[in-house]
Amino acid sequence: MLPLVNELISLLTEAAADTSNKSVGALVYSSSSVLDSSTTEPTAAALSSTSQCVSYVLFCSLQVADQLYTHISRSDWFLGIRRYVLWYGGQPTLAPDIASLPGLMAAFDIAYLVSNDKAAGFTVLATCPFCDSGNAAVVTMGKWQPDVGLTPGKDFFPPLYDNFKNHQFRAVTLDFSPFIDFVNNGHGKPLTEVVGVDILIMDTMAQVLNFTYQVYQPADGQWGYQLPNKSWTGVIGTVQRYEADFSMDILITGDRDESVDFTIGFHPEPLTFVTTKPSPLPQWLSLVRPFEWLVWCLLAASLLVATPIMWILQYGATKAAAPSLDSRTGQQAVAATELPDKSRVGDAGSPFLDAGDTIFRIFLRQSAELSHPSSVQIFSGFWILFSFVLTISYVCNLTAFMTVPALSPTLNSLEELISSDFSWGVYSYKAADYQLFKSSKAPLYQTVFKSLKFCPTTKECLQWALDKQYAYITWLTLARDSMARHFTDRHGDTGLHIARDVFFPGEFGFTLQKNSALKAPFDGVIRKLLEGGFVKKWLTQFIESNKKKGKQKSLDAALEAAGGDPKNLASAEEANKKLTTYHLQGVFIIYGLGLVMATFTFAVEYLMTYKKEKEHNMS
């Protein structure tokens, strides 16, 4: 027996060396102890303490081998290394004996030594999970004779996962458009009309690897979060408990990876949050909105400073132009500078007000006569340029604000969100977003978790964000797709705003059972799809398709509201392009203030004039 064991161990270690650059070894187990090891601890402890071991030789009953193999296959030992198992029970064994144990029938890379009654040798059997038209079977791999050695009839450990022989797998998922969308047929029944990016990926893998699959929902209707006992609920828990072979796309996280395996990621996906779009600012402020308040203050200061400067320059020009007596003749001499008339430099009664009137006329780009002195003209030239730039800037910005109304500030980060008067939450499927806020030690995430409010579905969550001061924390792609499907008007616009900042970046992948042999073939197909750009292309196509459906749905609703007549709808569209009193309310408010001020000024002047006339008559 030992020559056969040594030969098989050599074969096992050679095969393992081909799959790993690490050192390899063998662990020999009997029902009473662990051989080739200095310890006699229980099996699990002995196996876990033997680092770099990838080959197991088991001397025990088939029932014990069934339990051991299940334990080995679900353990974290030697992740990423192909592991080989050899079994010998010391008694005649038939294929039906192996077939009666479900754990062994699902096994791979395990060989069974069966005594050959007709000769001093052994027959080597193996379980092949998909050889019998996709079902498990026990097959003969070779024979061992003392004088010949091992003569495999075929590859001793052949590749089992490049062709699943039309085997049917069980998948689990929840609705997550555009990755997956379906019709739910009730608890425990497979989903129908399943579409999405996940299905296109999985169908491609099914075609390449020759398998079929059915998709189910988890019993508790959750994506899954970790319980205190380290088990999981929802989709993750279903795969963790080996109730499904794999799940559709789900976020790859470190704590999940401790309980299940994942394929390589095929789509990067961060978290963000959605709020209602900012509302327009009061339209009556549109007249002052083109400039910020500092510019308005500087403009007012410029007008106040320019008026006395103009008055001083005009006063100086008047003094320089005044006639003087000739010392030789005693007659008046005419100055070289022409004496400006009163219409240009102001009358003797109000020269300062006349200077202010000139400054204001120039600023409003109205005509104003200027005195001839060079100092006045130089200052006026710069004032004209200053006024021209400011007024043109104001008119252009005012046109822009009238065309596209200004909006209130938006929330674009979690810091801004928790400092605002908004509430926030996630939808109630207990997914990775909930697990993040629940388990994180970061103060920001802890603050968010303390005030989380759950909403029932993605559509209702977005409706809350649209109708209330509520921020819906969700995945970026899910938000884009759901807004396109349910909240897009006939012009392609939506009333919702996606925050610019994103957080908790991750990747979506397919969940697999711990140490699943499906990982390598699945990864190979996904990698080729990524290299070909198919995943990104499919995702864009689904979102654009849903956006078109959303626009068409809004258009149909608008036509129905217009009595089904497109002309009525066109008339309503034309009416929306006209300026209304809402847009021009600021102008009328200014006009009204002007009337009030003019009336008040008139009343004051009238009373002052009446008082003077009365005093004059009495005197």
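General remarks:
- Of the peptides 161-171, 587-597, 388-398, 237-247, the ranking by mean beta-carbon count within 10 Å, highest at the top, reads 237-247, 161-171, 388-398, 587-597.
- Residues THR204, THR488 arranged by fewest to most Cβ contacts within 10 Å: THR204, THR488
- Taking Lys and Arg as +1 and Asp and Glu as -1, the other residues whose beta-carbon sits under 10 Å from that of PHE246 total 0.
- Per-residue HN-Hα couplings for the range 227-238 [Karplus 6.51, -1.76, 1.60; θ = phi - 60°; Hz; x = Gly/Pro]: 8, x, 8, 6, 7, 10, 9, x, 4, 4, x, 4
- In this structure, the amide hydrogen of PHE273, modeled 1.01 Å from its nitrogen in the peptide plane, lies closer than 5 angstrom to those of THR474, ALA499, counting only residues at least 5 positions away or on a different chain.
- Amide H contacts under 5 Å for GLY121: ASN116, restricted to partners 5 or more places along the chain or on a different chain, H placed in the peptide plane at 1.01 Å from N.
- Förster radius 22 Å - calculated FRET efficiency between SER439 and ASN229 (Cβ-Cβ, nearest 0.05): 0.90
- With each label modelled as a point 7 angstrom along the Cα→C-beta vector, the ASN184-GLU416 pair spans 3.5 nm.
- Listed residue pairs exceeding 28 Å between alpha carbons, taken from LYS519/LYS547; LYS450/LYS548; LYS438/LYS548; LYS430/LYS519; LYS450/LYS514; LYS468/LYS551: LYS519/LYS547; LYS450/LYS548; LYS438/LYS548; LYS450/LYS514
- Distance between the range 383-426 and the range 187-254 - C-alpha centres, whole angstrom: 47 Å
- Distant-in-sequence amide contacts of LEU86, defined by a placed amide H-H separation under 5 Å and a gap of 5 or more residues or a different chain, comprise TYR56, VAL57, LEU58, ALA111.
- Percent of Cα pairs exceeding the 20 Å cut-off, where the set is the range 381-461: 58 percent
All of the numbers you see were taken from the coordinates with simple rules; none came from a lab. The shown structure was predicted, so the numbers you read here are calculated from the model rather than taken from an experiment. As a convention, Cβ positions derive from the backbone with ideal geometry for all residues, glycine included, and neighbour counts pool all protein chains shown.
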